[in-house]
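The values are calculated or read from the model by the stated rules, or taken from the named source; none is laboratory data. Because the structure is predicted, anything quoted here is derived from the model rather than measured. Here the Cβ positions follow ideal geometry from the backbone for every residue, glycine too, while neighbour counts run over all protein chains shown.
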């Protein structure tokens, strides 16, 4: 269709038409100068404006000295202000020296590949990647340094074995197997077992208090009658608390599951791999005991094993997710490109993006972690979008009859600026995560990857396309699909303009309704929950079973933590973190009333704690419990306790130094676990109810700490996790605000500098904010909590949304400058650029949505949110942006420029 054919327009080669155009009110868009990018390139007839390249070139005669109708001047070289310096310098290289460009990028790829292979940090998985360096973690580490035998100075680690016997794990044969196992591990060279505790050893100590070795304890159990065993089992449970399942009763003297605790004496410089070797060696020894089978009734668990399995889980997720993503992306790219050479170039560009980003991580020594796993689908999404836009726009010009050089020149001149704006705004949205240490690595890697994506798809891909098209021009190499997506006669071309049709009839009503929907969704989304704990990284057991049916290399490994979690929840009525800690750091522990203060703090506890008789915390492990246990086992120490207990409640309340001296002299190991040798610090471990929520348990620990007159603070893993939750919420809000402000400022300044109209930047943000609000509301609707992995999702959504709106807005401005017909310009935009956006959206949604196949729930949820974020961004751009443009144009026609752009000084 020519300009003359378009409603409301006149031929652009007529002086009279130009005068008529000058007298016609054109609104906010219309007053922008006729900015014909193609005229500077001299392409052949584009098949849409009705002017050939010679005529378009003539319209730019003397453009270097004369201002256009909006008062903007072209530069002396004939380049328009709408073209950024990067575009002016790079585009000639793409069209004139394509193979040189390709060679340079291949060379850079080789360098980054070397960085990926040689450099790099370790892998990180599980909760440690988020808790390390937090204030709560550092406080907990300081406490551990004072109290644990496994301190930074001495080294050390622990493990637990869960023994299952459906008949009775406390039967004599089962007790003897436990003791035999303890004897083997304690005497095994190189295993470095410092001590071990089991129900069997506790029962044996009741039978024979002097039996301190496993061999002596075996003799004690073997020589005891069944009645003696039953009595010893009941006494051991009362005095020390047997580590057995909750189905145990003293009367029955039976249980189904027992725990064996093992402590290793390792050097301070031992790492996780060293600990894992010891723990897996312990598992091998357990298999050698008759009646023990790690495939049936024995499972070992320790921090090192958990970390190893978390890394394995990350690997298993990658093995499943990446191939599935590749298959889906290949399918949709094949549909979008419909040409083997274009498809090969697109895939090569995607691969280069991954290599450059991994290489950057290696050079920067940034470890690969759960949070970074989601960066690569994001980069794939943006890369796919950029690639489809470049190829689609190039095909539009080729179909119109332009030569290879002219078609790519028009394409890159028109799109590179838009891609640059998208890149920088997306970098801002990613870099906004630098404000939080928790998401800092994500922000750095994602921002760097985004820059790489722009360079590869904005420079390498067009150069490769020009080079290959020139090679096959004039040959018999067949031409495959070469039509652009969204052409007027296609199904997509008929569906995509729905937003334009709405804008034709009810733009104001539609925009108001959309704003109300966005406000409602945003307000609803403020109630989204926040979650973080070990179990958030554990896969669903049903999904593990489904994945085990996959063939060979795709099948996941075995995860002992699933069995351990089941034991903890079902047999011991605890979570993975079954207690909270109150840390007392106060010299007042030596005062007469200190122990009484601790005793009172454990009375009438909050509902989150396990309670027993007299409404007291049951099984709280404190200096008081050590005193009680040692007094029950040592008559001499019991006399000391009684001597300094003036109230008769078995809690010493005077001359506490004398009590501490006796305790440390005769029972130093037990005492040092609860109190420092200078008597200035102590800790209380309080078990929580299995049904208690994490925030309830942490709040309850705070209540106990506040009830003490001593200086006390809650700590432990649950407190650390709750601290991470608080940081997650703060990080999500802060990064969202920073991303929004940076994006808004950048868009406003960019459009003011490039087009002379700052208001375009504001118009761009309307669909973006709607998409962010809808995503926040969807999170709450689908009960997806905010977590450290998906915390960047809202700020990232701004970058993804801008990706769609900038492409449409930039194309619309160019089309409207040529036609002066608002509706026709919108139709051409949504069919041309909208078609490319649709192809990009479908490919991206499926590529990102495949993360829902991940074994790790947090990554599953993030994949779903990313897919929804992209879909909302596309939908808002295609449907909402046209009405927003029309409404603003009407306001501008009625009230003038609304003084917005007058805030910015005119440039000469």
Quiz item: Do we have any residue at all in region 435-442 that's in contact with a helix residue (DSSP H, G or I) (Cβ under 9 Å, 6 or more places away or on another chain) and outside any helix (DSSP H, G or I)?
Solution: yes
Exercise. Would you confirm whether any residue within region 767-784 is free of Cβ contacts under 8 Å to residues at least 40 places away in the same chain, touching a helix residue (DSSP H, G or I) at 6+ places or on another chain (Cβ under 7 Å) and not in a loop (DSSP other than H, G, I, E, B)?
Key: no
Quiz item: Just a yes or no: is a residue in region 841-862 surrounded by fewer than 24 Cβ atoms within 10 Å (Cβ to Cβ) and within 24 Å of residue 396 (Cα to Cα)?
Solution: yes
Quiz item: Out of 838, 829, which single residue is surrounded by 24 or more Cβ atoms within 10 Å (Cβ to Cβ) and closer than 20 Å to residue 395 by Cβ?
Solution: 829
Quiz item: For region 670-683, how many residues meet the condition of being exposed (fewer than 15 other Cβ atoms within 10 Å of the Cβ) and in contact (Cβ under 8 Å) with a residue 12 or more places away in the chain?
Solution: 1
Quiz item: Can you tell me which residues in region 732-755 are within 22 Å of the chain's Cα centre (by Cα) and either surrounded by 24 or more Cβ atoms within 10 Å (Cβ to Cβ) or within 23 Å of residue 689 (Cβ to Cβ) (or both)?
Solution: 732, 735, 739, 743
Quiz item: For residue 269, which of the numbered conditions (1) closer than 13 Å to residue 163 by Cα; (2) surrounded by fewer than 14 Cβ atoms within 10 Å (Cβ to Cβ); (3) in contact with a strand residue (DSSP E or B) (Cβ under 9 Å, 6 or more places away or on another chain) fails to hold?
Solution: (1)
Quiz item: Would you call residue 523 touching a helix residue (DSSP H, G or I) at 6+ places or on another chain (Cβ under 9 Å) and surrounded by fewer than 13 Cβ atoms within 10 Å (Cβ to Cβ)?
Solution: yes
Quiz item: How many of the residues making up region 243-259 are at negative phi, in contact (Cβ under 8 Å) with a residue 40 or more places away in the chain and either more than 36 Å from the chain's Cα centre (by Cα) or outside the structural domain of residue 286 (by TED's automatic domain parsing) (or both)?
Solution: 11
Quiz prompt | Residue, nearest to the chain's Cα centre (by Cα), within region 223-242, restricted to residues that are farther than 14 Å from residue 172 by Cα, in contact (Cβ under 8 Å) with a residue 24 or more places away in the chain and surrounded by fewer than 20 Cβ atoms within 10 Å (Cβ to Cβ) | solution = 241
Quiz item: Has region 175-189 got at least one residue that is in contact with a strand residue (DSSP E or B) (Cβ under 7 Å, 6 or more places away or on another chain), at pLDDT below 90 and surrounded by fewer than 22 Cβ atoms within 10 Å (Cβ to Cβ)?
Solution: yes
Quiz item: Residue check, residue 294 against (1) in contact (Cβ under 8 Å) with a residue 12 or more places away in the chain; (2) outside any helix (DSSP H, G or I); (3) touching a helix residue (DSSP H, G or I) at 6+ places or on another chain (Cβ under 8 Å), all met but one. Which one?
Solution: (1)
Practice problem: Looking for whichever is touching a strand residue (DSSP E or B) at 6+ places or on another chain (Cβ under 9 Å), in the same structural domain as residue 417 (by TED's automatic domain parsing) and modelled with pLDDT of 80 or more here; the options are 749, 775, 786. Which one fits? | Solution: 786
Quiz item: In this structure, is residue 729 over 29 Å from the mean Cα position of the chain (by Cα), surrounded by fewer than 18 Cβ atoms within 10 Å (Cβ to Cβ) and over 27 Å from residue 572 (Cβ atoms)?
Solution: no
Self-check item: Failed condition for residue 361, given (1) under 19 Å from the mean Cα position of the chain (by Cα); (2) outside the structural domain of residue 114 (by TED's automatic domain parsing); (3) buried (at least 23 other Cβ atoms within 10 Å of the Cβ)
Solution: (2)
Exercise. List every residue pair whose Cβ atoms lie under 6 Å apart, where the two residues are 6 or more positions apart in sequence or sit on different chains, the first residue falls within region 827-852 and is closer than 19 Å to residue 387 by Cβ, and the second residue, located anywhere, is at pLDDT 75 or above and not in a helix (DSSP H, G or I).
Key: 834/496
